[in-house]
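Here is the structure we will look at, set down as structure tokens.
Values quoted throughout were computed directly from the atomic coordinates according to the rules given, and no laboratory measurement underlies them. The shown structure was predicted, so the numbers you read here are calculated from the model rather than taken from an experiment. FYI the Cβ positions are ideal-geometry reconstructions off the backbone, even for glycines, and counts take in every protein chain you see.
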Amino acid sequence: MTEPTLMSYAVIGHPVAHSQSPFIHAAFAAQTGEPVDYGRIDCGPDGFEAAVRRFAAQGAGGCNITVPFKFQAADLAARCSERARLAGAANILKFDAQPAGWLADNTDGSGLLRDIGVHAGFDLAGRRVLLIGAGGAGAGVLGPLLQAKPRQLVVVNRSAERAARLVERHAALAQAQGVELSTAPLARPGSGFELVINASASSLQAAGVPVPASVLAPRALAMDLMYGPAAQGFLDWAAAHGAAGRDGLGMLVEQAAEAFFVWRGVRPDGAPVLQALRRRLGAAA
């Protein structure tokens, strides 16, 4: 029996030195026995497309894409999954040899839902949800959030126009799922949300939480898609106002597991990898 060929993958973006993706995918490869080699490629602020094309030309199998290149990534592929098309952004590319060409996909929303439902034990159905941010991260998670059938979902963003465009693109899906989807001003987002998700760049920029504490219902789940020191301010804010704070490590692991499945056709178990990653980073469970 012929041994499977070692295939290369990488996270491409700027910066990427901090990325935990190589650790995560090495753990998945060890867990599943899949022959995967995973690295980091810093493309600089202007070299994204060239870096992707060079990597693909070397016979690589695919790549992850970081902010701020998720919108560009979708344009490089001949094919888009439905979730990437709806988001208008992709966080993975699969370099298929098929005549149809590369596949762009978005696993962010799938990873977020699995972390919220499985690791945090939070049922989204019938809940009121506030999504902060309408950039690449927010766009990637909105569709799957709607498919989980919350009662209401409000999107706020520094650029109200961008939030409106994102909501308009998802209006048909929201209607089909019976979800009340709308936008609101960032300074007046509403109150009493049972789930608050920070998908903005505020934590990365150490800019403080961009919404008032009144958004939090008693014992709400408040989740920042960042992790490590970047997320600590948001977690402290959540705790100070009686909410359960959660960082983005679980989402990071679960979106990677979904990407691994897209690339390899094998779905790894994220739970032990998340535990190992928290130990590695010294983060609180």
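Taking every DSSP beta bridge with both residues inside the chain, roughly what % is antiparallel (nearest 5)? Walk me through the intermediate numbers first.
Values: 6 of 40 bridges.
Around 15 percent of the beta bridges assigned by DSSP in the chain are antiparallel ones.
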Check: Can you give the FRET efficiency for Leu204 and Val118, using 1/(1 + (r/R0)^6), R0 = 25 Å, r = Cβ-Cβ distance, to the nearest 0.05?
Finding: 0.45
Check: Expressed as an acute angle from 0 to 90° and rounded to the nearest 10, what is the orientation of the C-alpha long axis of helix 249-264 relative to the principal long axis of the chain?
Finding: 40 degrees
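With only Lys, Arg, Asp and Glu charged, each at its Cβ (+1 for the first two, -1 for the last two), find how big the charge dipole of the chain is about the Cα centre; round to the nearest 20 debye.
On the way: 25 positive and 23 negative charges, 91 e Å.
That gives the chain a dipole magnitude of about 440 debye.
Defining a contact as two alpha carbons under 8 Å apart and six or more residues distant in sequence, what relative contact order in percent does the range 109-247 show? Numbers along the way, then the final one.
Details: 280 pairs, mean separation 29.0, N = 139.
This gives 21 percent for the range 109-247.
Evaluate the relative contact order of the chain (contact order divided by residue number), counting alpha-carbon pairs under 8 angstrom at least 6 apart; express in whole percent. It would help to have the intermediate numbers written out before the result.
Details: 595 pairs, mean separation 42.2, N = 285.
Relative CO of the chain lands at 15 percent.
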Item checked: Fluctuation leader among Ala89, Ala139, Ala56 - the chain, Gaussian network, Cα springs under 10 angstrom -> Ala56
Notebook entry, point to check: More than 24 Å apart: what percent of Cα pairs in the range 109-247 qualify?
Noted result: 19 percent
Next item on the list: Could you tell me which of Gly33, Leu195, His14 has its Cα farthest along the dipole of the chain towards the positive end, charges placed at Cβ (Lys, Arg +1; Asp, Glu -1), taken about the Cα centre?
Entry: Leu195
Next item on the list: On a 0 to 90° scale, report how tilted helix 229-240 is relative to the longest principal axis of the chain, with both axes built from alpha carbons and the result rounded to the nearest 10.
Entry: 30 degrees
Check: For the Cα atoms of the chain, what angle does the longest principal axis make with the long axis of helix 160-169, in degrees from 0 to 90, nearest 10?
Finding: 70 degrees
Next item on the list: Place a +1 charge on the Cβ of each Lys and Arg in the range 109-247 and a -1 charge on the Cβ of each Asp and Glu, then give the dipole magnitude about the Cα centre in debye, rounded to the nearest 20.
Entry: 240 debye
Margin query: Using Cα-Cα distances under 8 Å and only pairs 6 or more residues apart, what relative contact order does the range 2-75 have, in percent?
Written below: 44 percent
Checklist line | Spin-label pair Ala30/Asp96, simplified geometry with 7 Å Cα→Cβ offset, distance in nm | finding: 3.3 nm
Note to self: With unit charges on the beta carbons (Lys and Arg positive, Asp and Glu negative) and the dipole taken about the Cα centre of the chain, which residue among Ala257, Ala139, Gln98 sits farthest to the positive side?
What the structure shows: Ala139
Notebook entry, point to check: Can you sort Thr107, Thr183, Thr32 by how many other beta carbons sit within 10 Å, fewest first?
Noted result: Thr32, Thr183, Thr107
Checklist line | Unit charges on C-beta of K, R, D, E only; dipole of the range 50-125, Debye | finding: 280 debye
